[in-house]
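Trainee: Pasting a structure below so you can have a look.
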Amino acid sequence: MDLAAKLSELGIRVTLWPHIDQYDLLVELTRKVRWAIDVKDWTYLDEERLKRVQYQAETTETFIVFPDEREDYLRIRVRREQLEPELQGVRLRLFSEVIADANAIMEQKKNA
């Protein structure tokens, strides 16, 4: 998985498929910051399928993440405001947004 490799390059601990059929990546940025990421490579947003992704209470954030190349079709940046309230705490992001957020957290950790 490309996202897992990029996060690992930042020095982040990434576990692939920690719980089969629940989510794809467990991303452990610090002792207190852990993300559950479900990667989707869809050409359209299916609201019913999005609702099947469950918030993972053992993590600080649960994301459904899409490749940046899909933004033209999916318009995640625009549609997430409409969709996220129905997703029970699950948030929609693009690969680049997750990497930027992870990088910022790692920089804070390094400078602490």
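Trainee: Would you mention how many residues in region 18-51 are at pLDDT 90 or above and either aliphatic (A, V, I, L, M) or at positive phi (or both)?
Mentor: Final tally of qualifying residues: 10.
Trainee: Here's a follow-up. State whether one or more residues within region 17-26 are among the β-branched types (Val, Ile, Thr) and either surrounded by 14 or more Cβ atoms within 10 Å (Cβ to Cβ) or in contact (Cβ under 8 Å) with a residue 24 or more places away in the chain (or both). Show your work before the answer.
Mentor: The initial filter retains those residues of region 17-26 that are among the β-branched types (Val, Ile, Thr), namely 20.
After this cut, where a residue has to be either surrounded by 14 or more Cβ atoms within 10 Å (Cβ to Cβ) or in contact (Cβ under 8 Å) with a residue 24 or more places away in the chain (or both) as well, the list is none.
Taking every residue of region 17-26 in turn, none turns out to be among the β-branched types (Val, Ile, Thr) and either surrounded by 14 or more Cβ atoms within 10 Å (Cβ to Cβ) or in contact (Cβ under 8 Å) with a residue 24 or more places away in the chain (or both).
Trainee: Which of the residues belonging to region 20-59 are over 20 Å from LYS6 (Cβ atoms) and polar (S, T, N, Q)?
Mentor: GLN22, THR43, GLN54, GLN56
Trainee: Could I ask something else about it? Pick out the one residue from LEU3, LEU16, LEU50 that is part of a strand (DSSP E or B) and not acidic (Asp, Glu).
Mentor: Numbers: LEU3 fails: part of a strand (DSSP E or B); LEU50 fails: part of a strand (DSSP E or B).
The unique qualifying residue is LEU16.
Trainee: Within region 52-67, can one find any residue that is surrounded by 12 or more Cβ atoms within 10 Å (Cβ to Cβ), more than 16 Å from the chain's Cα centre (by Cα) and either modelled with pLDDT under 95 or among the β-branched types (Val, Ile, Thr) (or both)?
Mentor: The answer is no; no qualifying residue exists.
Trainee: In the list LEU83, LEU92, which residue meets the criterion of being aliphatic (A, V, I, L, M), within 13 Å of LEU50 (Cα to Cα) and assigned to a helix (DSSP H, G or I)?
Mentor: Working: LEU92 fails: assigned to a helix (DSSP H, G or I).
Checking each option against the conditions leaves just LEU83.
Trainee: Where the second residue is of a type in the set (D, E, K, R) and buried (at least 18 other Cβ atoms within 10 Å of the Cβ) and the first is under 17 Å from VAL39 (Cβ atoms) and lies in region 79-100, which pairs have Cβ atoms under 7 Å and are six or more apart or on separate chains?
Mentor: Taking only residues 6 or more apart or on different chains, the pairs are ARG91/GLU61; LEU92/ARG80.
The values are calculated or read from the model by the stated rules, or taken from the named source; none is laboratory data. Here the structure is a predicted model, which is why all the values come from computation and not from measurement. Every residue, glycine among them, receives a Cβ derived from its backbone with ideal geometry; neighbour counts consider all protein chains shown.
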